[in-house]
Amino acid sequence: MALISQLAFRYLRGKRSANAVPILSRISMVAIAVSSAAMVIVFSVFNGLESLVKDNYNSFYPDLKISAVRGKFFKMDSAKLIAVRRINGVSSISAVIEDNVIADNHGQQKVILLKGIDNNYFNVNDIRQFIVQGDDSVSEQGYTAIAGRHIINELGADVNIKFSTIELNYPNTAVTNPEADPMSAYQSLKLHPAGAFVIQDDFDSRYVLAPLSLVQELFHETSHYSSIEISADQRAIEKIKEQLHQLLGPGWKTETRYEQNKTMYMVMGAEKWAIHAILVLVLLIASFNMVGALSMLVMEKQKDIAILRAMGAQVETIRKIFLLEGVLWSLVGGLTGILLGCSICFAQQKFGLIKLGGGFFVDAWPVKIQLADLGLIIVTILTVGLLASWYPAIRATKTIDPTLKSA
């Protein structure tokens, strides 16, 4: 191995001559470096966006959510709520009720999701950090609510004007013949949007948060809920879920945050692997330069190969020299590219060089470097280096004895 390493590093340094091999080797390293830097940057941007989306979704999706297997609304007695709260690892629980309603303000109408929340809701879901205007709480006495800024803008309401209200209309289930009395077909509730939040379009144009008791009264569902939301220790989520299943029985379902957004998490995971596959293909294309450069190196070093063979070097030894040479070329180019990519990502994190624009919650493109991704990139580079150097290494052994099998 000492001989193999010495010769491989000697060929890596090259020599100053009119020969094109050193130039081609540097070009191949640059190509791998650029591809590696691109992988680091794209992975980091994807991780940053994924982390941003997950953080935003976490504000509306709790660690655990209890709901009924059948039916939209349910009633849970106080004894069970106390038992849920006392489970080891549960930090806080919040009872909520939600359903679609028609929001109206001076003829401007929009279907939104009205969510009735209790006093513990903000301990379970951290929404206060996204409130950009007005109050960060709802009041039953003041008939106030917190709404997405898109909803407030579309309906023409104003957070700063106390007399500005949004009328919420919900079908009156007590009316059996709405055609006979259309005015009683809906029941209404007027609320002042005292606060506005900005998270992302999915929430900003959809959700209105209001006091639990007022929403229950609007829905004619006093003492009923649509879900119980729980904040819990992340390390004990599965254990808590199992305890909840034993406590509540088969008529209830408990979902983790992943299960509440299973499709989104699966799509993001598939996107990341698709991006990796595309970048690996780019890296393979870039490695074609290395195949040509190594092939020319084999032709240049035929005298060295003959001398080594005459001195008793085995065929496998000569093959390993050029395999190691290819790996070294890939490693030098890859590590240079990783260092370059990380530098660009750190600069983006610190200075926000490239802006997002367009009213997002963050101004600049988010980036997040993960060590697992860097390890995956290094493994990919080494694999590509081995594959690219395999043919030149086989060719090097054939120059000794054309009858040798490539296997």
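The values are calculated or read from the model by the stated rules, or taken from the named source; none is laboratory data. As the structure is a computational prediction, the values presented were derived from the model and not from experiment. Here Cβ is always computed from backbone atoms with ideal geometry, including for glycine, and neighbour counts include all displayed protein chains.
With region 201-301 as the region, which helices (runs of 4 or more DSSP H) entirely inside it contain at least 3 residues that are within 30 Å of ASN88 (Cβ to Cβ) and among the aliphatic types (A, V, I, L, M)? Outline the logic, then answer.
On the way: elements: 201-204, 212-219, 237-248, 257-260, 262-300.
Of the helices (runs of 4 or more DSSP H) lying wholly inside region 201-301, those with at least 3 residues that are within 30 Å of ASN88 (Cβ to Cβ) and among the aliphatic types (A, V, I, L, M) span 237-248.
Is it fair to say LEU247 is of a type outside the set (Phe, Trp, Tyr) and crowded, with 20+ Cβ neighbours inside 10 Å?
Numbers: of a type outside the set (Phe, Trp, Tyr): yes; crowded, with 20+ Cβ neighbours inside 10 Å: no.
Criteria not met by LEU247.
Go through region 94-136 and give me each residue that's loosely packed, with under 14 Cβ neighbours inside 10 Å and among the β-branched types (Val, Ile, Thr).
Passing the criteria: VAL111, VAL132.
As an exercise: evaluate VAL280 against (1) modelled with pLDDT of 85 or more; (2) more than 30 Å from SER5 (Cα to Cα) and give the number of the one condition it does not meet.
It fails just one condition, (2).
Just to be sure, is SER91 surrounded by fewer than 17 Cβ atoms within 10 Å (Cβ to Cβ) and either closer than 19 Å to GLN216 by Cα or in contact with a Ser or Thr (Cβ under 6 Å, 6 or more places away or on another chain) (or both)?
For SER91, the condition - surrounded by fewer than 17 Cβ atoms within 10 Å (Cβ to Cβ) and either closer than 19 Å to GLN216 by Cα or in contact with a Ser or Thr (Cβ under 6 Å, 6 or more places away or on another chain) (or both) - is met.
State which residue is farthest from GLN216 (Cα to Cα) when the search covers only region 137-157 and only residues that are touching a Pro at 6+ places or on another chain (Cβ under 6 Å) and of a type outside the set (Gly, Ala, Ser).
If we filter region 137-157 for residues that are touching a Pro at 6+ places or on another chain (Cβ under 6 Å), which is where we start, we get 138, 140, 145, 147, 152, 157.
Now narrow it down to the ones that are of a type outside the set (Gly, Ala, Ser): 138, 140, 152.
On the way: VAL138: 15, GLU140: 12, ILE152: 22 Å.
Of everything passing the filter in region 137-157, ILE152 is farthest from GLN216 (Cα to Cα).
Name the residue, out of LEU283, LEU214, that is surrounded by 18 or more Cβ atoms within 10 Å (Cβ to Cβ) and within 30 Å of VAL384 (Cα to Cα).
On the way: LEU214 fails: within 30 Å of VAL384 (Cα to Cα).
When all the criteria are applied, what remains is LEU283.
Suppose we keep only residues that are in contact with a Ser or Thr (Cβ under 7 Å, 6 or more places away or on another chain) and surrounded by 16 or more Cβ atoms within 10 Å (Cβ to Cβ) within region 304-323. Which one would you say is modelled with the lowest pLDDT?
Step one: of region 304-323, the residues in contact with a Ser or Thr (Cβ under 7 Å, 6 or more places away or on another chain) are 305, 315, 318-319, 322-323.
With the extra rule that they be surrounded by 16 or more Cβ atoms within 10 Å (Cβ to Cβ), the set shrinks to 305, 318-319, 322-323.
Numbers: ILE305: 76, ILE318: 80, ARG319: 83, PHE322: 82, LEU323: 85.
Among those residues, the one meeting the criterion is ILE305.
Are there any pairs, at least 6 apart or on different chains, whose C-beta atoms fall under 7 Å, with the first in region 145-165 and outside the structural domain of VAL198 (by TED's automatic domain parsing) and the second surrounded by 14 or more Cβ atoms within 10 Å (Cβ to Cβ) and among the β-branched types (Val, Ile, Thr), and if so, which?
none
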